[in-house]
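The values are calculated or read from the model by the stated rules, or taken from the named source; none is laboratory data. The model shown is predicted, which means the values in this text are computed figures rather than measured ones. Virtual Cβ from ideal backbone geometry, glycine too; neighbours counted across all protein chains shown. Heads up: the accessible areas ignore ligands, DNA and RNA and are worked out on the full protein's heavy atoms, side chains in. Shrake-Rupley method; radii C 1.70, N 1.55, O 1.52, S 1.80 Å.
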Amino acid sequence: MVMTLEADYAVRIVEYLTRHPGRWDARTISEAMDVPLRFCLKILRGLVAQGMVCSFKGAKGGYSLSRPAGEITLREVIESVEGEYMLSRCQKEEYSCGRAHCKLHKIYEKISEDVRRELDSYTFQMICEEEPCACGTEEDK
């Protein structure tokens, strides 16, 4: 399974806003994160609607995180674009595989819940923290 390109772009955009506090216009974000401008604008609108990003109008307008990066999870950003993570479509109420006692439903739900929990364990503050330099440690000598 592969995350959609739109979800990847959403992650890139939130990563940029985490690493660069302040207000940034969509073009700057788009160019810096290699996201096509039209996708960037669409995703930013969605992130604003979900309450993760603030939009400011006018000459000094732009976008910034609306909450601390430590409160925004990888799952929240991905699901803002893709909807709730599910391993199989048979987990959706509106879909029925036609098998009354399918054991796979419980297995798929367990796996999906594990993935959701793991994605929730990563905040953008964690993702964007600088790695400590291991240069010059005793292990390197």
Across region 10-32, the tally of residues that are open to solvent by 20 Å² or more (accessible area, probe 1.4 Å) and within 14 Å of the chain's Cα centre (by Cα) stands at 4
The one condition I43 fails out of (1) modelled with pLDDT of 95 or more; (2) open to solvent by 20 Å² or more (accessible area, probe 1.4 Å); (3) more than 19 Å from M126 (Cα to Cα) is (2)
Taking first residues from region 77-88 that are among the acidic types (D, E) and second residues anywhere that are open to solvent by less than 30 Å² (accessible area, probe 1.4 Å) and outside any loop (DSSP other than H, G, I, E, B), the pairs with Cβ under 7 Å that are 6 or more apart or on different chains are E82/A7
Restricted to region 114-141 and to residues being modelled with pLDDT under 80 and not in a loop (DSSP other than H, G, I, E, B), the residue least open to solvent (accessible area, probe 1.4 Å) is D140
Here the residues within region 1-35 that are touching a Ser or Thr at 6+ places or on another chain (Cβ under 9 Å) and of a type in the set (F, W, Y) are Y16, W24
If we ask which residues in region 78-113 are more than 23 Å from L47 (Cα to Cα), at pLDDT below 80 and of a type in the set (A, V, I, L, M, F, W, C), their number turns out to be 6
Taking region 104-117 and keeping only residues that are under 15 Å from E79 (Cα atoms) and touching a residue at least 24 places away in the same chain (Cβ under 8 Å), one is left with S112, V115, R116
Does G51 fit the bill of being on the phi > 0 side of the Ramachandran plot and surrounded by 15 or more Cβ atoms within 10 Å (Cβ to Cβ)?
no
Output for Cβ contacts, cut-off 8 Å, separation at least six or different chains, first residue of a type in the set (D, E, K, R) in region 29-41, second surrounded by 16 or more Cβ atoms within 10 Å (Cβ to Cβ), reads D34/R12
